[in-house]
C-alpha cells in the first residue's frame with residue numbers, strides 16, 4: 001500500500017504544476033483563446049515542464065496593433081486595426097462591429113466604454129450593463145455575439161438587426177452611415 005504513494009520530488013512537482021495549469025486555464029465561458037504555446041513534460045530536467053512558443057500567424061496587410069492603445073487608451077484607430085485583425089476568426093465584417101461600437105459609445109469614449117470596456121451598449125440584465133476586464137475581451141465578445149445572435153440567423157445588415165439590437169427605428173441608419181464612411 002505504501003508503494004502507491006511513494007512519489008519522487010519531480011513527480012510531486014509535476015503533479016502540482018499540472019494541477020495549477022488545470023485550475024488556472026480559462027474555460028470556454030471565460031472566453032479561452034489560443035495562446036500559441038505548446039506544453040510538454042520532460043522528467044529528465046529539474047523543471048519538468050517545457051513551454052515552447054509556436055510562431056505567430058501574421059497576416060499580410062493587417063496592421064500589428066499596439067494593445068495598450070486598445071486596452072488602455074481606447075484609441076478608435078487602434079480598435080479598428082484590432083477588429084480588422086481578428087474579424088477572420090469569427091467570419092464577421094469588422095466594419096459592422098466597429099460601426100456599432102462607434103455609434104453606441106460615441107467613438108469609444110462613453111463612460112460605459114471607459115470604465116467597463118463595453119463599447120456596444122450591451123446589457124447583462126434589464127437593469128445592469130455588461131462589464132469586461134479589458135477592451136480586448138469586450139471586443140471579442142461582441143464579435144462572437146454578433147455572429148451567434150445575428151449573422152447565424154441571417155440578420156447580416158444593420159437594417160435586419162435594428163429591432164432586435166435596438167428599440168429605436170433610426171439605429172440602422174446611423175450604424176450603416178458609419179459603416180459606409182469607415183475606411
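Any read-out appearing in this document is the output of simple, stated calculations on the displayed coordinates, not a laboratory observation. These numbers were taken from a predicted model, which means no experiment stands behind them. Note: ideal-geometry Cβ built from the backbone for every residue, glycine included; neighbour counts use all protein chains shown.
Points to keep in mind about this one:
- Stretch gain in nm, segment residue 156-residue 180, where the contour uses 0.36 nm per residue and the Cα spacing is subtracted: 7.2 nm
- Exposure proxy shown here: for 122, 153, the number of other Cβ atoms within 10 Å sets the order, fewest to most, as 153, 122.
- Cβ-to-Cβ counts within 10 Å put 129, 94 in ascending order as 129, 94, the fewest first.
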